[in-house]
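The block underneath contains the structure these notes are about, expressed in structure tokens.
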Amino acid sequence: MSRKCPDEGGRYKYLPKLNSYVDIVSKFIHMKGSNIMGKNDAANTRLPRRDFVKKAAAGIGAAALAGISAKETPAAGASRHWDITADVVIVGAGAAGIPASIEAAQHGATVIIVEQNYDIGGHGIESGGNIALGGGTSLQKKYGIEDSPDAMFDDLIRWHDYRFSDREIVRAFCDENVPSFDFLLAHGVKFPDVSPNGADGGPQNVLRSQTVHWSGEVSAFSPTGGNGTSLMRPLEASARKLGVQIFLQHSLTGVVREDNFSGRVLGITATHQGKTLNIEAKKGVVLSTGGHTSNVNFRRMFDPRLTEEYQVVGEPYSRQSGDGEIAAMQVGASLWGAASQTLETQARSHIFEKPYVIGNQFGYPQGGGHRGENLKDSPVAGLARAIGLFVVDFQNVIHVNQAGRRFVNEFATGFDWWNPCLESNGGKSDGGGPIWAIFDADAVKRESWVCAPPFVDPDGWFFTSQSLKELAGRIAGKYQKETMPAAALEETVARYNRFVDGGKDEDFGKPAPKYKIQTPIYFRSARPTGFNPLTASRPTAVLSPVKIRRTEQTLIIS
């Protein structure tokens, strides 16, 4: 239900119910500075005043733009030209922005969404569609699973890997799980009629996770064929039915305030085809634009090792360039839960992912963690340049660094794999440099690979030769700063082949090495792939995202 809140004149206006959900959180805050009350008003009054965004979690950062800033009107009190006007302006048409638009439109607001990409969906539409919602949902009850917001809260704050989370956000998240599940059902999202499964990385004592399924093919409608299509497309349809306008290929360039870095938020500026638009927001602005992993300088604030060679999950379809975070900080926001980005706990091991595919730049899998030939039918294929080769058995490859040295057990995952990747590895910079997978023609047969476009990208990501010496001389690319030493590569392969003869990896403990590297020899990129930053990125209770501190007036954060 809605709540009434008084505006400056003492009149009452309706504000929508606050819903929190994993990767789908929306919040609608009145810009006049009214007291925001949600479903659990009594509980909210016990929370500290400093945390006025009690039920918000910020998902931010979508377009790679310079000069994101807070902008002032020409002079205090002066009129400003607006090209477009709406009650609510939302930045980002992903799994936070679309639901936020539905909430606002259902409560009578006119809504504009500004989206940098050529289509909606962001990371959500590419995802595997796994949605962790519990607390006593109708699906849990149907299958006899006992749960409640209190039980869920206790589980999340007591579990060892989640103990660093902000408990106020966790509390709000747990309270709103059931309303969020019902919200998704009401707006066309269909969950299979099967029991919920594991808790999606959290404590596994209660089943709280369900997955939507996409049975269609890769197409413009489903850019990677991910299950997330069945999440985002129904929500998009619901938003459009409610009259939400979605402006594609519009990029945020700034948040407009009354005065220089102070006063009410009045709207935003955005660019479209080289033109700047001033978009007025009469009642509020929502920033819901992703994360910051595509912004190299931003991510290196948390870990200086994360230099440019590390690619980003979701690219090239969905970028995370920190625009929303930068804009929010310009108007008084603070990054929150920053330790989550570097804590080496099991639940956070997916900050980096071992790529599913090699031989191309972008290693993000399709829905379900695979990569298939049908990706060539996607508009993403042209952006990504190559599909990549899916590795079934890491016995078929060895990984070498930029200096031609093997440095890791190829079967390793999580921290055991990517911490070695981030070591200096023979280089002189903060990052670990490019990582290459090396294998031979027999491995190609065992894996049933097709070593030609569109599966591999010969422009700096795939090389082949009849000899190691010749191959080392051919290795070149944006991130390979120096020529790979041929002698080092030859020594590395010879040593590994001796391990195969002896049945034991004496360097890194790879289980019983099986196959020698012979000829012809191939090199493919096998770099780590950056996943979601755990600071101010994903709107989940577990990841403790952004809080906004109060200035004179307020901005809406989703």
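Bear in mind that the values in this text are calculations on the coordinates, not laboratory data. Values in this document were obtained by computation on a predicted structure and should not be read as measured data. Neighbour counts run over all protein chains shown; Cβ positions are idealised from the backbone, glycine included.
Need one number: nm distance between label points at Gln466 and Arg167, each 7 Å from Cα along Cα→Cβ, rounded to one decimal.
For the pair Gln466/Arg167, the computed spacing is 7.0 nm.
Got the relative contact order for segment 355-527 handy, in percent, Cα pairs under 8 Å and 6 or more residues apart?
28 percent
Over its Cα atoms, what ratio of radius of gyration to 2.2 N^0.38 Å does segment 130-211 give?
This ratio for segment 130-211 stands at 1.04.
Sorted by average packing, counted as other Cβ atoms within 10 angstrom per residue and highest first, what order do 79-92, 412-425, 502-515 take?
Packing order, densest peptide first, comes out as 79-92, 412-425, 502-515.
Just order 289-302, 181-194, 103-116 by mean Cβ neighbour count inside 10 Å, highest at the front, would you?
Numbers: 289-302: 24.0, 181-194: 16.4, 103-116: 22.5.
By packing density, highest mean first, the sequence is 289-302, 103-116, 181-194.
Debye sum, Cα scatterers, segment 237-309, no solvent: what log₁₀ I/I(0) at q = 0.19, 0.25, 0.28 1/Å?
At q = 0.19, 0.25, 0.28 Å⁻¹ the computed log10 ratios are -0.98, -1.13, -1.21.
So what's the net charge close to Gln402: Lys and Arg +1, Asp and Glu -1, counting the other residues with Cβ under 10 Å from its Cβ?
So the surrounding residues net to 0.
Give me the number: length gained by fully extending Glu146 to Lys428, i.e. 0.36 nm times residue separation minus the C-alpha to C-alpha distance, one decimal in nm.
Between Glu146 and Lys428, full extension yields 96.0 nm more.
Residue farthest toward the positive end of the dipole of segment 130-211, with Cβ of Lys/Arg at +1 and Asp/Glu at -1: which of Phe191, Gly144, Val206?
Phe191
Let me test this: with uniform point scatterers at the alpha carbons of segment 233-367, what is the Debye-based log₁₀ I(q)/I(0) at q = 0.09, 0.15, 0.16 1/Å?
Debye intensities relative to I(0), on a log10 scale: -0.37, -0.98, -1.07.
Given the pairs Lys190/Lys283; Lys376/Lys516; Lys445/Lys504, which span a C-alpha to C-alpha distance of over 29 angstrom in this model?
Details: Lys190/Lys283 32 Å; Lys376/Lys516 32 Å; Lys445/Lys504 24 Å.
Distance filter (> 29 Å) returns Lys190/Lys283; Lys376/Lys516.
Can you tell me the dipole magnitude for segment 169-226 around its Cα centre, using point charges on the Cβ only (Lys, Arg +1; Asp, Glu -1), in Debye to the nearest 20? All intermediate terms of the calculation are to be shown ahead of the outcome.
Details: 3 positive and 6 negative charges, 15 e Å.
Using only the charged Cβ atoms, the result is roughly 80 debye.
Using C-alpha positions alone, give me the convex hull volume of segment 355-527 per residue in cubic angstrom.
111 Å³
Report the gain in length on full extension from Lys481 to Lys516: 0.36 nm times residue separation, minus Cα-Cα distance, nm rounded to one decimal.
Taking 0.36 nm per residue and subtracting the Cα distance, the gain is 9.8 nm.
Count the net charge of all other residues whose Cβ sits under 14 Å from the Cβ of Arg299, scoring Lys and Arg as +1 and Asp and Glu as -1. Please list the in-between numbers first.
Details: positive: Arg300, Arg305, Arg319; negative: Asp303, Glu308, Glu309, Glu315, Asp323, Glu325, Asp430.
Value of the local net charge: -4.
Running Debye on segment 284-353 with equal point scatterers at the Cα sites and no solvent, what base-10 log of I(q)/I(0) appears at q = 0.21, 0.24, 0.28 Å⁻¹?
-1.03, -1.26, -1.44
Full-extension gain between Val444 and Ser138, please, as 0.36 nm times their residue separation minus the C-alpha to C-alpha distance.
Length gained between Val444 and Ser138: 105.3 nm.
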